[in-house]
Structure formats: C-alpha cells, structure tokens
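Worksheet: the structure to be examined is printed underneath.
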Amino acid sequence: MDNGKDKKQLCRLCSSSKLSSILKLASTPPANAFVSKENLNIRQKKYPLELFFCENCSHVQLTEVVDPIELFENYVYVSGTSPVFVEHFSNYAKDIVKTYQPSLENYILDIGSNDGTLLKFFKNIGYKTIGVDPAINISKKAQQDGINTVNEFFNYKTSEKIKEKYSTASLITANNVFAHSDDLIGITKAVRNLLSPNGLFVFEVSYLLDVYQKTLFDTIYHEHLSYHSVIPLIKFFQSNEMELIDVLRINTHGGSIRCVVKNIEDKRQINKSVFDLVDLEKSVSLNNKKTFKNFTNNIKERKKSLNDFIKELKSQKKTIAGFGAPAKATTLMYEFGLKNDVLDFIVDDSPLKQGLYSPGLHIPVVPSSSIDVLKPDYLLILAWNFADSIIRKNKEFSNSGGKFIIPLPNLRVI
Ligand SMILES: [Zn+2]
C-alpha cells in the first residue's frame with residue numbers, strides 16, 4: 001500500500017494476468033471527494049483512470065484501486081435524496097417479490113444498503129431485513145430510521161457474524177456494489193455462505209454494452225472497478241459454485257443489468273434472457289478488445305463538439321453553470337476540461353453537497369435557488385441522465401431565456 005493505493009495486476013473475475021489497456025481517461029481525484037471551504041488549500045491527489053480488458057474472460061475493469069476507506073467512509077451519496085432512485089427501488093422490491101417470491105421465513109439482506117431505501121420497501125411488504133454498509137454517517141441514519149444496519153464492509157468475516165446471529169438469507173441484494181468491490185471472489189463466497197439453499201442473489205450494475213454503445217464514459221470512475229457484461233459473469237459464477245439464471249436490462253445509470261444468481265445445487269432453470277444477451281454481446285463483439293477503439297474515438301468526438309460550442313459561447317461572454325454534481329460529473333469535467341474558467345458554479349439538490357466544492361477542480365456547489373440570483377445564461381447538465389426531469393423542474397429558467405446544454409450521449413441545446 002502506497003498512500004492507500006494499490007496496483008492490481010490480475011483480472012477481478014478469473015485471476016488471469018492477461019490484461020490489456022483499452023482506454024485511458026484523464027486522471028481525477030475520487031469522484032465523490034467534495035471539499036469544504038477550510039480544506040480548499042489542501043491539494044487533492046489524482047489517480048489514473050485507465051480501463052483494461054481481460055484477454056482470458058473479456059471482463060473490463062480498472063486496475064487502479066483507491067483505498068475504499070478514502071472512497072466510502074464519508075460517502076455523500078444518499079439514495080433517499082433522489083426521487084428517481086426511490087421510485088426505482090420501490091418497483092425493484094415489488095418486481096423481485098412477484099417474480100421470485102423469496103421465503104418470508106428468512107430475512108432479506110442488502111449489501112451496500114446506504115440509507116436503507118430499498119430495504120424499507122421490503123420491510124413494508126413484510127420481510128425481515130438487514131443492511132450492511134461501510135459508511136458511518138449513512139448507516140447511522142438508516143439505523144435511526146428503523147433499518148437494522150451492520151456498519152461494516154461486506155466480506156466473509158461479516159457473513160459469518162451475520163449467519164451466526166440471524167441464520168441464512170432468502171434473498172441477498174447488491175446494487176451498484178458488485179461494480180465497486182475489488183474482491184468479487186470474496187464477496188461471492190460470502191454471499192454463497194450466507195444464502196439459504198434456495199435463496200437468490202440479485203445485483204444491479206451498469207451494463208458494459210450500454211456504456212459502450214451510448215458512450216457513457218463518465219460512469220467510469222475509481223469507485224467503479226468493474227464494467228460488467230454477461231459473457232464473463234456466466235463463467236465467473238460457475239467457478240464460484242453459483243449460476244447466473246436471469247438478466248434483465250434496466251434504465252438506471254443510462255443502462256444497467258439486474259442479474260439473478262442461484263446456488264449451483266438449486267434446480268431452477270436458466271432463463272432465455274441469459275442466452276439472448278450472450279448472443280447480443282457476441283453480435284457487437286463486446287468480447288473483443290478491438291471493439292473499444294470505437295469507444296475511444298466516440299469520446300474524442302463528443303469532447304470536440306462540446307468544447308467547440310463552449311468556445312463560441314465564451315467568445316460571446318455567455319456565462320455557464322453546471323447542473324447536478326453526481327460522481328460521474330468528476331470524470332466528465334476532467335476528461336472534457338470543464339474547469340472553473342468554464343463553469344462558474346454547480347447547482348445540486350442534495351443538501352449534503354451544497355456549500356462544498358467539486359472534487360479537485362473546486363467549483364462551488366450551490367442549491368437550485370441560486371439560479372434565480374446568479375442568472376447564468378446556460379446550464380450544462382452534468383447529471384445528463386436526469387436531463388428531462390431537471391428541465392421540467394426548472395421551467396422558470398428556460399422561461400426567462402436560459403438554455404440547457406446536454407453533453408451526452410450527443411450534444412443537445414434546449
Ligand atoms: Zn478475466
């Protein structure tokens with residue numbers, strides 16, 4: 001360990017050392033490392049952001065691992081503050097209960113349970129629930145809201161402790177966690193350890209096919225160590241005595257997959273969805289590293305069109321502010337060169353981020369009420385996957401002549 005940094009040389013899924021670089025983005029500080037005013041003079045450390053392809057199993061991943069304690073302990077992302085995710089989790093809980101009917105005898109465990117938003121919906125349906133989350137502040141909040149939360153990283157040791165106290169789980173969920181962990185083999189062994197014989201493991205992750213086809217390069221940041229696709233996952237679970245039996249494509253984060261996994265001994269059949277997605281991935285050569293040359297070119301093209309447009313606006317002395325400060329904004333801002341000479345401030349609805357400064361570039365984050373006061377000419381939507389709802393909620397801005405810039409998947413001005 002060097003400053004909490006560790007260089008990983010082996011594939012996170014198959015342990016092969018045959019990893020080749022397919023994309024190199026601008027180095028950034030941790031994407032959620034917002035800074036308070038008193039810490040502005042401390043220079044933030046930047047880490048390389050380079051994507052690697054495994055020649056053995058075709059899994060796409062970062063090799064640079066930033067110390068999880070630095071990334072997650074004072075995490076400022078709270079699921080419950082985003083209405084889109086609250087609705088998503090509500091439907092998610094209902095769908096799983098309807099489709100798979102997990103036993104009410106055992107409990108439902110959520111790994112990376114955040115503020116307990118998902119578990120609350122399961123609890124309302126009548127399930128016993130347990131959350132596991134390493135973030136101190138957010139776990140405390142979940143606990144206060146009545147969601148039993150174990151404040152730890154989920155690993156084999158944690159699974160043993162929980163098993164001893166509460167027995168096995170009928171369902172284990174993990175959302176935007178399976179992409180975040182450096183030790184997927186360890187997590188999977190812990191899941192298998194804690195799951196009832198007929199229990200299911202359900203997780204959601206960004207889908208590499210969407211990342212590639214829609215140029216969602218800003219979903220690449222240090223917290224996301226893995227960019228999953230179905231072909232490598234099938235082999236991975238088989239080698240860990242589990243089996244991928246269903247995959248559903250969903251809209252979150254610009255395109256994700258919900259994967260359902262069972263113990264190998266369980267007799268349930270593999271759903272056609274798994275085979276269909278394998279065919280689809282093969283049809284676009286997602287399992288061939290040469291494919292990612294297009295990805296690099298697509299990013300360059302989008303960078304150029306946005307920068308040409310901004311240059312023109314700046315020559316007309318127009319003012320621009322950012323809208324939304326999600327983690328992905330850090331990658332977007334660094335890769336596209338959106339510094340404080342481009343963006344005067346960033347608006348974000350999360351009170352946890354307001355009053356802070358953006359990671360590394362130190363652009364102030366303010367509440368949306370500031371738009372009326374500071375009156376920028378343009379709002380560049382950094383949280384562009386929520387562009388529609390942001391535009392709808394800020395009609396007054398456009399009514400008074402303001403314009404929205406949406407940088408991805410293709411540059412649009414509204
Ligand atoms: Zn591999």
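Accessible surface area normalised per residue over region 164-286 is 34 Å², counting heavy atoms of protein chains with a 1.4 Å rolling probe. Solvent-accessible surface of protein heavy atoms, probed at 1.4 angstrom with all chains present, puts Glu223, Glu164, Glu70, Glu301 in the order Glu164, Glu301, Glu70, Glu223, largest first.
Pairs spanning more than 31 Å between alpha-carbon atoms, out of Lys123/Lys189; Lys46/Lys120; Lys45/Lys393; Lys94/Lys328; Lys157/Lys272: Lys46/Lys120; Lys45/Lys393; Lys157/Lys272.
Taken along the Cα-to-beta-carbon direction at a fixed 7 Å, the label points for Asn151 and Ser27 span 3.4 nm.
Summarising the strand pairing of the chain, around 55 percent of its internal DSSP beta bridges are antiparallel. Heavy-atom accessible surface of Lys24, to the nearest 10 Å², is about 150 Å², with a 1.4 Å probe and all protein chains retained. Distance between the 7 Å Cα→Cβ label points at Lys267 and Leu248: 2.5 nm.
The angle between the Cα long axis of helix 327-336 and the main principal axis of the chain comes to about 50°, on a 0 to 90 degree scale. Considering only protein heavy atoms and a probe of 1.4 Å, how much of the accessible area of the chain is carbon and sulfur, as a whole percent? Carbon-and-sulfur percentage of accessible area, whole number: 50. The modelled label-to-label distance between Leu10 and Ser36, using points 7 Å beyond Cα along the C-beta direction, is 4.1 nm. Using C-alpha pairs below 8 Å separated by at least 6 residues, the relative contact order for region 94-233 is 22 percent. With both residues required to sit in region 277-414, DSSP beta bridges show an antiparallel share near 20%. Every helix of 4 or more DSSP H residues in the chain counts as -39500 (n - 2.57), and over all residues that averages to -10000 deg cm²/dmol at 222 nm.
The values are calculated or read from the model by the stated rules, or taken from the named source; none is laboratory data. Values in this document were obtained by computation on a predicted structure and should not be read as measured data. Heads up, the Cβs are rebuilt from the backbone with ideal geometry, glycines too, and the neighbour counts pull from every protein chain shown. These area figures cover heavy atoms from the full protein model, side chains too; ligands, DNA and RNA do not enter into them. Shrake-Rupley method; radii C 1.70, N 1.55, O 1.52, S 1.80 Å.
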